[in-house]
Amino acid sequence: MNILILGSGGREHTFAYQIAKSNHCKNLFVAPGNAGTAAIATNIALSVTDFTAIENFVVEKDINMVVVGPEDPLVLGIANHFKDTPRLQDVMLIGPSKKGALLEGSKERAKEFMLQHKIPTAAYKSFTKESLTAGKAFLETLKAPYVLKADGLAAGKGVLIIKDLNEAKEALGKMLGGQFGDASNTVVIEEFLDGIELSVFVLTDGKNYKILPTAKDYKRIGEGDTGLNTGGMGAISPVPFADATLLEKIEERIVKPTINGLKKEKIDYKGFVFIGLIKVGDEPYVIEYNVRMGDPETEVVLPRIKTDLVDVFKATYEQSLDTLNFELDEKAAATIMVVSGGYPEAYEKGKIITGLETIKDSIVFHAGTAISDGTLVTNGGRVIAVTSLDLDYKKAIKKSYQNIEKLHFDTMYYRKDIGFDLE
Ligand code: AMP
Ligand code: GLY
């Protein structure tokens, strides 16, 4: 099979790493990819949202399967484009339709879906510029802290959590005034949930589903979960506190109603559902849906799937996940993200990276890397994810930290406390 992966981060390198191992994979392409994917596949300089260019490439190279990494092409309707284009109709695209992707593309839509299908989530109301006064009044009825969410995609920056009521009212005015462009034309205000976060990943073929390993990521830049939000500074899988009782509640109250909701609404969905959860006391609540895998969660979830990933995706496309023999590795996985100094604010690129070849017992997934004049250099905020598998998460974390010490680039930074809150 000829396979194309869309995206360029650690998530996509992990997909490529697993797919390259498959006996079914003949030629593997990644668009646009990074230095890590270039070593195991062919990188193609295509934009993930340029559907015409992707279409032409898929036809030219006789691509049989397309795996979509990031949300943007999904929200823009890449799955619909493939379905509606006669010469692409037989290509197995892994990713939901535009209507399905709205679960991530619109927070308001996601909340309505949860309400409709009785899926536990924080109480909310949504507001526009016209209802600013009502929005401020709604804030007065809530307890601090206040959670304000831009409805649309805002590159992970659209959620504000504010302690002071007046500041929250002011922030609402700014958001509705265009702070996040069109993404904040509508703002969802919701009740603050106090608990510990975890994520559950589900792969669905539209009829059946498989629950993938759980994971927990560390979003803040600073140790002790302080400082600015990032895409994620590390992750572990499975989540140690996600015991059988919690997982059963999640499956019964959240996963099943979500998949049934998609079916009832006749939404074409062949892809990942990433369910961001908060455990309040012993009860799980949904804080968000994403319609793709997480990054860096992929770097710990996929290495724990033993079944050939191409078989998994083929079953997803052919709606036969119910008969797929799906095997998981009992080992725990941890990944630590190595980033450019300054990230998530301004940072420099082009720093020479050394030491990778000395790492033997961890997997090095590239995120923001490139080859410049034959040399491996940094090319983004998040640069490399070092994943380890071991008998338990503490051992896995330790192995990653030992191996990170072998890496070097100017300004390199990483959190030294991944897993700190689980003691
Ligand atoms: P989201 O983009 O919806 O995942 O929100 C980003 C982050 O904000 C989440 O990972 C949580 O840490 C936090 N968050 C979102 N909604 C709530 C809520 N209702 N209560 C507490 N924290 C929240
Ligand atoms: N690590 C969080 C995300 O991928 O959205």
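Which one of these does Ile259 not meet: (1) over 17 Å from Val286 (Cβ atoms); (2) touching a Ser or Thr at 6+ places or on another chain (Cβ under 7 Å); (3) away from ligand 1 (no atom under 16 Å from the Cβ)?
Among (1) over 17 Å from Val286 (Cβ atoms); (2) touching a Ser or Thr at 6+ places or on another chain (Cβ under 7 Å); (3) away from ligand 1 (no atom under 16 Å from the Cβ), Ile259 violates only (1).
Any idea which of (1) modelled with pLDDT under 95; (2) surrounded by 15 or more Cβ atoms within 10 Å (Cβ to Cβ); (3) closer than 28 Å to Thr258 by Cα is the one Gln179 doesn't satisfy?
So Gln179 meets the others, but not (3).
Could you check Gly224 against (1) within 21 Å of Lys107 (Cβ to Cβ); (2) touching a residue at least 12 places away in the same chain (Cβ under 8 Å) and say which number it fails?
With (1) within 21 Å of Lys107 (Cβ to Cβ); (2) touching a residue at least 12 places away in the same chain (Cβ under 8 Å) applied to Gly224, the lone miss is (1).
Starting from the stretch 283-312, keep only residues that are without any contact (Cβ under 8 Å) to a residue 24 or more places away in the chain, then list their pairs with residues that are away from ligand 2 (no atom under 16 Å from the Cβ) and part of a strand (DSSP E or B) whose Cβ atoms are within a distance under 7 Å, requiring at least 6 positions of separation or different chains.
Lys306/Leu328
Residue-wise test of (1) acidic (Asp, Glu); (2) at pLDDT 95 or above; (3) out of contact with any Leu (no Cβ under 7 Å at 6 or more places or on another chain); (4) within 14 Å of ligand 1 (Cβ to nearest atom).
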residue	(1), (2), (3), (4)
Gln116	no, yes, yes, no
Ala154	no, no, yes, yes
Glu190	yes, yes, yes, yes
Ile211	no, yes, yes, no
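What tally of residues in the stretch 380-423 results from selecting those that are in a loop (DSSP other than H, G, I, E, B) and under 21 Å from the mean Cα position of the chain (by Cα)?
6
Can you name every residue in the stretch 227-258 that is at pLDDT 95 or above and farther than 21 Å from Tyr393 by Cβ?
The answer is Glu248, Lys249, Glu251, Glu252, Arg253, Ile254, Val255, Lys256, Pro257, Thr258.
If you go through the stretch 195-209 one residue at a time, how many are closer than 25 Å to Val159 by Cα and away from ligand 1 (no atom under 15 Å from the Cβ)?
Narrowing the stretch 195-209 to residues closer than 25 Å to Val159 by Cα: 195-202.
With away from ligand 1 (no atom under 15 Å from the Cβ) added as a condition, the list becomes 202.
Counting residues in the stretch 195-209 that are closer than 25 Å to Val159 by Cα and away from ligand 1 (no atom under 15 Å from the Cβ) gives 1.
Out of all the residues in the stretch 201-226, which are open to solvent by 50 Å² or more (accessible area, probe 1.4 Å) and within 16 Å of ligand 2 (Cβ to nearest atom)?
Passing the criteria: Lys219, Arg220, Asp225.
Check Lys279 against each of (1) away from ligand 2 (no atom under 13 Å from the Cβ); (2) in contact with a Gly (Cβ under 6 Å, 6 or more places away or on another chain); (3) assigned to a loop (DSSP other than H, G, I, E, B) and name the one condition it does not meet.
(3)
Regarding Lys143, is this residue open to solvent by 60 Å² or more (accessible area, probe 1.4 Å), within 16 Å of ligand 2 (Cβ to nearest atom) and touching a residue at least 40 places away in the same chain (Cβ under 8 Å)?
No; evaluated as a whole, the condition is false for this residue.
State all residues of the stretch 183-198 that are under 19 Å from Glu112 (Cβ atoms) and away from ligand 2 (no atom under 16 Å from the Cβ); if no residue qualifies, say none.
Ser184, Asn185, Thr186, Val187, Val188, Ile189, Glu190, Glu191, Leu193
Please determine, by comparing only the residues of the stretch 249-299 that are among the small types (Gly, Ala, Ser) and in contact with a strand residue (DSSP E or B) (Cβ under 7 Å, 6 or more places away or on another chain), which one is nearest to Met337 (Cα to Cα).
Pass one, the stretch 249-299, residues among the small types (Gly, Ala, Ser): 261, 271, 276, 281, 294.
Applying the additional criterion that residues be in contact with a strand residue (DSSP E or B) (Cβ under 7 Å, 6 or more places away or on another chain) yields 271, 276, 294.
Details: Gly271: 25, Gly276: 20, Gly294: 13 Å.
Among those that are among the small types (Gly, Ala, Ser) and in contact with a strand residue (DSSP E or B) (Cβ under 7 Å, 6 or more places away or on another chain), it is Gly294.
Return the only residue of Ile254, Ile250, Ile236 being buried (at least 16 other Cβ atoms within 10 Å of the Cβ) and within 14 Å of ligand 2 (Cβ to nearest atom). Don't jump to the end; show me each part of the working.
Details: Ile254 fails: within 14 Å of ligand 2 (Cβ to nearest atom); Ile250 fails: within 14 Å of ligand 2 (Cβ to nearest atom).
So the residue among Ile254, Ile250, Ile236 that is buried (at least 16 other Cβ atoms within 10 Å of the Cβ) and within 14 Å of ligand 2 (Cβ to nearest atom) is Ile236.
Being touching a Ser or Thr at 6+ places or on another chain (Cβ under 6 Å) and of a type outside the set (Ser, Thr, Tyr) is the filter; apply it to the stretch 163-188 and report the residue that is farthest from ligand 1 (Cβ to nearest atom).
Looking only at the stretch 163-188, we keep the residues that are touching a Ser or Thr at 6+ places or on another chain (Cβ under 6 Å), and these are 175, 186, 188.
Right, trim to of a type outside the set (Ser, Thr, Tyr) and you get 175, 188.
Details: Met175: 14, Val188: 9 Å.
Here the residue is Met175.
Would you mind stating whether Lys406 is in contact with a helix residue (DSSP H, G or I) (Cβ under 9 Å, 6 or more places away or on another chain) and exposed (fewer than 14 other Cβ atoms within 10 Å of the Cβ)?
No, not satisfied.
Inside the stretch 23-43, can you point out the residues that are surrounded by fewer than 18 Cβ atoms within 10 Å (Cβ to Cβ) and in contact with a Leu (Cβ under 8 Å, 6 or more places away or on another chain)?
Pro32, Ile40, Thr42
Yes or no: the stretch 261-270 includes at least one residue that is surrounded by fewer than 19 Cβ atoms within 10 Å (Cβ to Cβ) and among the β-branched types (Val, Ile, Thr). Don't jump to the end; show me each part of the working.
Of the residues in the stretch 261-270, the ones surrounded by fewer than 19 Cβ atoms within 10 Å (Cβ to Cβ) are 261, 263-268.
In the following step, the residues that additionally are among the β-branched types (Val, Ile, Thr) were identified as 267.
Checking the stretch 261-270: at least one residue is surrounded by fewer than 19 Cβ atoms within 10 Å (Cβ to Cβ) and among the β-branched types (Val, Ile, Thr).
With the stretch 283-366 as the region, which strands (runs of 3 or more DSSP E) entirely inside it contain at least 1 residues that are surrounded by fewer than 22 Cβ atoms within 10 Å (Cβ to Cβ) and under 16 Å from the mean Cα position of the chain (by Cα)?
Result: 283-290.
The values are calculated or read from the model by the stated rules, or taken from the named source; none is laboratory data. Model, not experiment: these values are computed from the prediction. Please note: Cβ atoms are built from the backbone with ideal geometry, for glycine as well, and neighbour counts cover all protein chains shown. What goes into the accessible areas is simple: the full protein's heavy atoms, side chains included, and nothing from ligands, DNA or RNA. Shrake-Rupley method; radii C 1.70, N 1.55, O 1.52, S 1.80 Å.
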